[in-house]
Amino acid sequence: MQNNDNSAAVIRVMLAKIGLDGHDRGIKVVARALRDAGMDVVYTGLHRTPEEVVDAAIQEDVDILGISLLSGAHMHIFPKVLELLKAKEAEDMIVAGGGVIPDDDVKELYQMGVDKILLQDTPPQEIIDSFRQLVAERGAR
Amino acid sequence: MINRIPSMELAERVREGHLRAIARLITRVESGGDPEVRQALAELYKSTGRAHVVGITGVPGAGKSTLVTQLVHEYRASGRTVGVVAIDPSSPFSGGAILGDRIRMGDLVSDPGVFIRSMATRGTLGGLARPALDAVDLLDAGGFDVVLIETVGVGQDEVDIVRAAHTTVVVNAPGLGDDVQAIKAGVLEIADVHVVSKADRPDSNKTIQELKAMLMMSLEPGEGIWRVPVVPTSSEKHTGFGELMAAIDRHSEHLERSGEITERRRQIALTRVVKVAEEIVRDNFARDSRSQTEELLKKVTQRELDPHGAAVTLLKAMKETIHESH
Ligand code: B12
Ligand SMILES: Nc1nc2c(ncn2[C@@H]2O[C@H](COP(=O)(O)OP(=O)(O)O)[C@@H](O)[C@H]2O)c(=O)[nH]1
Ligand SMILES: [Mg+2]
């Protein structure tokens, strides 16, 4: 009865694909892993704009907004998303990313304010654990 | 750690239509609703009752999410704002869920007159009706003119949710054969409007005719009685959604004109009160009375006490522990 314990709210995650990137294998793997770990996963589908995703994430009030990027557009899309979250006073939302991103860019993205990046070959359990930890560190909201 | 805004403060913002406040309070009611949250909801309940609530049900794949998307466009074109609560099943194993209704609704966001919230059915004990209908209240209090609830028409909780709507729309896809029969048997009585979706498909005419024939049989003669319309829709051909909105509006006018709205409101109140009472009892069994339950179960298995006697004992003990704010 893990979900009847009122003290532990179910973790809500939005998984988003933004732009022309049509690689959706990885994000579906992540979605299933998180669901099997008891989380609620809102999947946006392909080809969203940063504006659509940020508005949807706010309405869904997710703990974590996860963006999967294999198109190489990450240095353009992450800053845009962070900027929109700030403009809409939702910068307390945890932002995570995954896909294909070079190491140097990963460093820079962390400096910009992305909370977690998990790339190729990350075992699903590691993604689950780090999401739980991110939400625990943030605290009740 | 982040700054937690008190629920009462959020409630004030909900009344001003503040979308983030609505979103956050839905999260809090969904995760159980501690006394502070219940108090805010009780306060906001006074500001509800203005929205027209439409329940949309049908088997998975019937075309509900697609229809909701098109219907929202129609309402927006007619100048009304729309809130949507879209419910998807949870995994029976983990309790987690992949909520995919939004995939079809992507083009609706970035319009402040539309608010979409996804919700999971949760585990068997959790109870879906209370949080879903609390969410409807929050959207109502937030000033949305119409609130649509999308849910699959299986399971008592889902049926109860659509019963808590002013207008219930049942979505039938063509060619579902026996499935469609099964769902019709259960929800035929509760449909105020029938939709035959995917009307672009050649087999849709058969489904339309079947439905009409069945509705004719159950039709009581008389003046001023609501005749359940059958509305064909197609997202491929972009047809039928204006007619569907018109049918829902006609039903709303019918409720007002005939005075049936009073009975409907009473029915909704009944459903909700009973649902919450059930949830409190179940929740209490699962948590507060667990130790006592074990003791009683032992007595029942050893034939010292019968099940009915044990239940009465438990309920009596529960009276002491239930707090108003549950
Ligand atoms: C399979 C594949 C395809 C398939 C995609 C099928 C599908 N529906 O997904 C097809 C053949 C269609 C395809 C097409 C293309 N591809 Co391709 N593709 C790949 C390939 C070989 C594997 C991707 C994959 O599925 N991996 C398996 C999954 C499970 O791993 P993953 O996605 O990385 O996800 C894991 C982690 O990253 C993480 N993760 C992922 N998302 C998220 C999100 C969050 C929040 C978190 C926390 C974690 C996380 O968790 C997952 C599990 O560990 C990669 C090469 C590679 N090494 O990645 C190229 C690759 C991604 N493709 C590439 C290219 C260029 C293309 C094309 C443009 C080719 C072309 N010229 O037509 C097209 C573009 C298609 C499009 N519309 O976007 C390049 C991208 C280059 C770049 N980024 O600069 C790559 C890197 C190949 C290369 N080395 O050049 N591709
Ligand atoms: N041909 C056709 N397909 C449709 C129509 N409406 C929905 N669909 C398809 O039916 C499937 C299920 O639709 P969805 O809206 O997700 O159904 P839901 O599970 O009831 O919410 C999708 O593949 C849709 O594209 C329609 O009017 N015509
Ligand atoms: Mg759906």
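So what J values fall out for segment B:264-276 if you push phi through Karplus, 6.51 cos²θ - 1.76 cosθ + 1.60 with θ = phi - 60°, rounded to Hz, Gly and Pro as x?
5, 5, 5, 4, 5, 4, 4, 3, 5, 5, 5, 4, 5
In segment B:45-139, what chymotrypsin sites (Phe, Trp or Tyr not before Pro) fall in a loop by DSSP, with at most 16 other Cβ atoms inside 10 Å?
B:F93
With a 1.4 Å probe and all protein chains left in place, how much of the accessible area of segment B:49-258 comes from carbon and sulfur atoms, in whole percent?
53
Sequence-distant or interchain residues sharing an amide H contact under 5 Å with B:S197, placed H: which?
Residues meeting the criterion, in which the H sits 1.01 Å from N, are B:N172, B:A173, B:T233.
Give me the one-decimal Kirkwood hydrodynamic radius in Å for segment B:1-47, with the sum taken over alpha-carbon pairs.
For segment B:1-47, inverting the mean 1/r across all distinct Cα pairs yields 10.6 Å.
Using amide H atoms built 1.01 Å from N in the peptide plane, name the residues 5+ places from B:T168, or on other chains, whose amide H lies under 5 Å from its own.
B:G55, B:D192, B:V193
Hand me the trypsin sites (Lys or Arg not before Pro) from segment B:189-231 located in a DSSP loop with no more than 15 other Cβ atoms within 10 Å, in residue order please.
B:R227
Need one number: the % of Cα-Cα pairs in the protein assembly as shown sitting beyond the 28 Å mark.
Summing the P(r) of the protein assembly as shown above 28 Å gives 55 percent of all pairs.
Just the number, please: buried accessible area between B and A, total of both chains, 1.4 angstrom probe, nearest 100 square angstrom.
3300
Net charge within 15 Å of A:L46 by Cβ-Cβ distance, Lys/Arg positive one each and Asp/Glu negative one each, not counting A:L46 itself?
+2
So between B:T301 and B:I5, what do we pick up on full extension, going 0.36 nm a residue minus the alpha carbon distance?
Gain on extension, B:T301 to B:I5, equals 101.7 nm.
How large is the helix-only mean residue ellipticity at 222 nm for chain A, computed as the sum of -39500 (n - 2.57) over DSSP H runs with n ≥ 4, divided by its residue count, in deg cm²/dmol to the nearest 500?
Counting only the DSSP helices, I get -14000 deg cm²/dmol.
Sum -39500 (n - 2.57) across every DSSP H segment of at least 4 residues in chain B, then divide by the residue count to get the 222 nm mean residue ellipticity, nearest 500.
-16000 deg cm²/dmol
Which value in Å is the Kirkwood Rh of chain B over different Cα pairs?
Answer for chain B: a Kirkwood hydrodynamic radius of 21.3 Å.
In terms of the ratio Rg/(2.2 N^0.38 Å) built on C-alpha atoms, what value belongs to segment A:89-141?
In units of the 2.2 N^0.38 Å rule of thumb, it is 1.20.
Counting only GluC sites (Glu not before Pro) that sit in a DSSP loop (anything but H, G, I, E, B) with at most 16 other Cβ atoms within 10 Å, what is the longest stretch of chain B containing none of them?
It runs B:17-188.
Taking the simple approach of a point 7 Å from Cα along Cα-to-Cβ for both B:Q267 and A:S130, what is their distance in nm?
Each label point lies 7 Å from its Cα, and together they span 5.2 nm.
Once the principal axes of the Cα atoms of segment B:1-118 are found, what is the range along each, listed largest first in whole angstroms?
43, 39, 27
Does any residue of segment A:34-56 lose at least 40 Å² of accessible area with all protein chains in place compared with its chain alone, and if so which ones (probe 1.4 Å)?
At a threshold of 40 Å² (probe 1.4 Å), the residues of segment A:34-56 that become less exposed are A:R35, A:D40, A:V41, A:Y43, A:R48, A:E52.
Just the number please: accessible area per residue for segment B:1-47, 1.4 Å probe, all protein chains included, in Å².
50
What accessible area per residue, rounded to a whole number of Å², is obtained for segment A:69-138 using a probe radius of 1.4 Å?
55
Convert each backbone phi in segment A:92-101 into a coupling constant with the Karplus relation 6.51 cos²θ - 1.76 cosθ + 1.60 (shift: θ = phi - 60°), then list the ³J(HN,Hα) values in order as whole Hz, x for Gly and Pro.
Karplus values, whole Hz, x for Gly and Pro: 7, 6, 6, 10, 10, x, x, x, 10, 9.
Which percent, nearest 5, of DSSP beta bridges in chain B are antiparallel?
That works out to approximately 5 percent antiparallel.
For segment B:108-122, what does the Karplus curve 6.51 cos²θ - 1.76 cosθ + 1.60, with θ = phi - 60°, yield as ³J(HN,Hα) per residue in whole Hz, taken in order and with x for Gly and Pro?
Values per residue, Gly and Pro as x: 8, 6, 6, 10, x, x, 10, 9, 10, 10, 9, 9, 9, 6, 6 Hz.
Take every Cα-Cα distance within segment A:4-138, group them into 5 Å bins from 0 onward, and report for each bin the whole-number percent of pairs it holds.
The calculated distribution, bin by bin, is 2, 10, 23, 25, 23, 12, 3, 1, 0.
The values are calculated or read from the model by the stated rules, or taken from the named source; none is laboratory data. Bear in mind the structure is a predicted one, so any value in this text is a computation, not a measurement. Every residue, glycine as well, gets a Cβ built from its backbone with ideal geometry; the counts of neighbours run over all protein chains shown. These accessible areas exclude ligands, DNA and RNA; they are computed on the full protein's heavy atoms, side chains included. Shrake-Rupley method; radii C 1.70, N 1.55, O 1.52, S 1.80 Å.
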